[in-house]
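Here is the structure we will look at, set down as C-alpha cells.
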Amino acid sequence: LHLDDERVTLTLAFGDVADVLPKLRLAADAIYLDGFAPDRNPEMWTPGVMKTLARLARPGATLATYTAARTVRDALAAAAFAPALRAGFGRKRQMLAARFTPRAPLRHGAPAAPHWSERRAIVIGAGLAGAGVAERLVARGWKVELIERHAAPAAEASGMAAGIIHPQVSRDDSVLSRLTRAGFLYALLRWRALERDGHRFAWTRCGLLQFGRDVREERRMADSVRALGNPADYVQYVAREEAGRHAGLSTENGGLWFPAGGWVRPVNLVTALVEAARPGLTFFPGRTVNALVRDKDLWLAIAPDGTPIAAAPVVVLANSHDAARLVPVATALKRVRGQLTCLPPGSIAPPDTVVAGAGHLIPVGDGAAVVGSTYDFEDDDPEPSAAGHAGNLERLERLLPGIAARLSPGRLAGTVGFRCVTQDRLPLIGRLPDAGAASANTARYKSPAWDVPRLEGLYGAFGYASRGLTWASLGGELVASAVEGEPLPLEGDLADAIDPARFVLRRARRGRL
Ligand SMILES: Cc1cc2nc3c(=O)[nH]c(=O)nc-3n(C[C@H](O)[C@H](O)[C@H](O)COP(=O)(O)OP(=O)(O)OC[C@H]3O[C@@H](n4cnc5c(N)ncnc54)[C@H](O)[C@@H]3O)c2cc1C
C-alpha cells in the first residue's frame, strides 16, 4: 500500500507469525511487537520467534513492546537484543525497549542499509521492463537516465499492437500462480494510480475468458477455482452459457472468467510510465550501451565509440536479451519470435471480452480485433508471414470455432516481436550476481538470496517472456525496493524464484560454474 503521496509504503503480511516471519525479505531498523499478552498468546513470544526477528534486524535496530514480561525479556536477550525496562504508557507501569547488538554478524542476517553516493540510476532499455523500473525509482525521488537504442520507447517486443493481462490459476497455487497473482494485482493498482494522475493508455477492462484446451482441462479449472476459494472479482469458473453471455457470442466451452482482466496497448502504457516519471527521468533515445565500466563507486554506460553516455552508482539492465551480453547470468536467454495478426473492422464479429486459451483474441474497438500469437523458435524473421497468420487463424478457430471461416491468411496485416525467455520461463528481477566471484567459491552456496555474491549497484529486470504486462509493475517495484533497502514486495520463495542469481546457484550446485 502506497500512502502519503507514495512517500510511505506499507507492506502487510497476513498469517501466523511463525509462518510469516521466515518468508519476509527485509532489514528492519525498528521493530514493535504488539501481539496479545504473552500468557494468552505464548506462540508469538517464543525464543524461536525472537531468533527469526534477529535475522531480520539490522545491527543497532531498536525493538519495543508494551509488555515487560520476564519470558519476553529472556527470549530477546537470547537473540542478542539487549532489553531494558522503561516506564510504560497509559495503564502499563513498565514496557520493554531493546537494541539489537549481535557480537558477530549473523551468517544470514539482514544486510546493512544500502548507501549510494547519489540517488541517480541508469536504466538501459525503454520497453515495459525499463519504463516500469524507471517510474518506480523516480516515485522514490531518484533521478533516472533512461537509455534506449531506438528513437522512441517501446520499439521492440513492447511495441506489439495489443497485449492481454490475466493471472495464472492452478489447483496447487504454484509459484507461477502466486507470482502472476502478485504481478497482476500490483499492475492493476499501478495502472489505476496512473489513470488517477491523468495518464491515459487505452486500458480496456472488458474482462477475460480463458477456455480450457479440452474437457479435462476445463474440469481442472472448475476444480481449482472451487479448491482455492479466490474472491469472485479475481476469478470465477463459468459454464458454457455464462461464458457466452460474457463474450456476447456462443462458445463451445466454459472456462475461467477474470472480471478484472483485459488488454492494453503496451506502447501507450510505456509512454504513460515515461511521462509519469518526468521530470525526474531524462530520456536518451538513439543511444546504444555497448559496455559497462566501473569507475570508483560509479558505473559508466559506454557507447560503441567508447565514449560514456552516462554515469551513476546504480544501473538497471532492462534491455531484454542484450542484458546477458553486458553481465553474465549463467543462463541462455532464448529469443522466441511471436507474430500477431490484425483483423480489420468487418472481418469477424469480435467478442465483448478478451478470449484466451490456445491463443487469444482481443477486441480492440470499432469492430477490429487482434489474434495472437505464434511461438517460433529459431526464427529471426522480423516481418509477418502468411504462415504465421495461418497459425493464428487456426488458434482462433480452436478458440471460437467458425469465427474465422471467411478469412484468408495471405491478405492480413500483423506485427512481429521477439520474447526474451529464460530456461524456467520466469523473469530475472533483482540484484545481479557476480558470476566471476561466485565461481571462485562455490562450495557453500545454499540460497541465491544470501550466498551468491552480487555486483555492487547492478540490477536486472529482463526475461519477461510472454508476460511483460504482468511483470512490468511488480518488477519495477521489486528493483526499486531492493535499491532502497526496503522490504521486498514478495514472499522470500517468490523473490528467490525470479532472483537473477538463481542460475549461478544451480550451476554451482552441479559443480559447473
Ligand atoms: C507477439 C507477441 C505477443 C505478446 N503478447 C503479450 C501479451 O498479450 N501480454 C503480455 O503481457 N506480454 C505479451 N508479450 C510479451 C511482451 O511483449 C514482453 O514480455 C515485453 O514487451 C518485454 O518487455 P522488455 O522491456 O523486457 O523488452 P523490450 O520491449 O524488447 O525492451 C527492451 C529495450 O531495450 C533496448 N535495448 C536493448 N539493448 C540495448 C542497449 N545495449 N542499449 C540501449 N538500449 C537497448 C531495446 O531497443 C528495447 O527497446 C508478447 C510478445 C510477443 C512477441
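The values are calculated or read from the model by the stated rules, or taken from the named source; none is laboratory data. Bear in mind the structure is a predicted one, so any value in this text is a computation, not a measurement. Don't worry about glycine lacking a Cβ; one is built from the backbone with ideal geometry, like all the others, and counts go over all protein chains shown. Quick note on the areas: whole protein, heavy atoms, side chains included, nothing else; ligands and nucleic acids left out. Shrake-Rupley method; radii C 1.70, N 1.55, O 1.52, S 1.80 Å.
Is it true that residue 149 is of a type in the set (Lys, Arg) and within 14 Å of the ligand (Cβ to nearest atom)? Show your work before the answer.
Values: of a type in the set (Lys, Arg): yes; within 14 Å of the ligand (Cβ to nearest atom): yes.
Yes: the conditions hold for residue 149.
What number goes with the only condition from (1) part of a loop (DSSP other than H, G, I, E, B); (2) within 7 Å of the ligand (Cβ to nearest atom); (3) within 22 Å of the chain's Cα centre (by Cα) that residue 158 does not pass?
(1)
Can you say whether residue 357 is away from the ligand (no atom under 11 Å from the Cβ) and either touching a strand residue (DSSP E or B) at 6+ places or on another chain (Cβ under 8 Å) or outside the structural domain of residue 215 (by TED's automatic domain parsing) (or both), as far as the supplied structure shows? Spell out the reasoning first.
Details: away from the ligand (no atom under 11 Å from the Cβ): yes; either touching a strand residue (DSSP E or B) at 6+ places or on another chain (Cβ under 8 Å) or outside the structural domain of residue 215 (by TED's automatic domain parsing) (or both): yes.
Taking the combined requirement at face value, the residue satisfies it.
Restricting the search to the stretch 405-428, which residues are in contact with a helix residue (DSSP H, G or I) (Cβ under 7 Å, 6 or more places away or on another chain) and open to solvent by less than 10 Å² (accessible area, probe 1.4 Å)?
Passing the criteria: 420, 427.
Determine the pairs where a residue that is assigned to a strand (DSSP E or B), located within the stretch 113-128, has a partner that is among the charged types (D, E, K, R) with Cβ atoms under 7 Å apart, the partner being 6 or more residues away or on another chain.
Qualifying pairs under 7 Å: 120/143; 122/145.
Answer yes if at least one residue in the stretch 361-374 is touching a Pro at 6+ places or on another chain (Cβ under 8 Å), within 25 Å of residue 202 (Cα to Cα) and loosely packed, with under 14 Cβ neighbours inside 10 Å, and no otherwise.
Yes: one or more hits.
Can you list the helices (runs of 4 or more DSSP H) found entirely within the stretch 175-268 that contain at least 2 residues being touching a residue at least 60 places away in the same chain (Cβ under 8 Å) and among the hydroxyl-bearing types (Ser, Thr, Tyr)? Working first, answer last.
Numbers: elements: 175-196, 215-228, 240-247.
Correct list: 175-196.
Kindly list, by first and then second residue, each pair from a residue in the stretch 72-93 that is modelled with pLDDT under 95 to a residue that is among the acidic types (Asp, Glu) and open to solvent by 60 Å² or more (accessible area, probe 1.4 Å), limited to pairs with Cβ atoms under 6 Å and residues at least 6 apart or on different chains.
Every condition considered, no pair remains.
Exactly one condition in (1) open to solvent by less than 10 Å² (accessible area, probe 1.4 Å); (2) within 16 Å of the ligand (Cβ to nearest atom) is not met by residue 267; state its number.
Among (1) open to solvent by less than 10 Å² (accessible area, probe 1.4 Å); (2) within 16 Å of the ligand (Cβ to nearest atom), the lone unmet condition for residue 267 is (1).
So how many residues does the stretch 323-345 have that are more than 8 Å from the ligand (Cβ to nearest atom) and open to solvent by 60 Å² or more (accessible area, probe 1.4 Å)? Spell out how you get there, then give the answer.
Here is the first cut: in the stretch 323-345, the residues more than 8 Å from the ligand (Cβ to nearest atom) are 324, 327-335, 341-345.
Of the ones still in play, those that are also open to solvent by 60 Å² or more (accessible area, probe 1.4 Å) are 328, 332, 334-335, 344-345.
Qualifying residue count for the region: 6.
May I ask you to verify whether residue 170 is more than 16 Å from the ligand (Cβ to nearest atom) and under 29 Å from residue 263 (Cα atoms)?
Details: more than 16 Å from the ligand (Cβ to nearest atom): yes; under 29 Å from residue 263 (Cα atoms): yes.
Answer is yes for this residue.
Of all helices (runs of 4 or more DSSP H) completely enclosed by the stretch 7-110, which ones contain at least 1 residues that are farther than 29 Å from residue 496 by Cβ?
Working: elements: 17-20, 47-56, 70-78.
The helices (runs of 4 or more DSSP H) meeting that bar are 70-78.
Residue 456 passes all but one of (1) closer than 21 Å to residue 125 by Cβ; (2) modelled with pLDDT of 95 or more; (3) open to solvent by less than 20 Å² (accessible area, probe 1.4 Å); which number fails?
(3)
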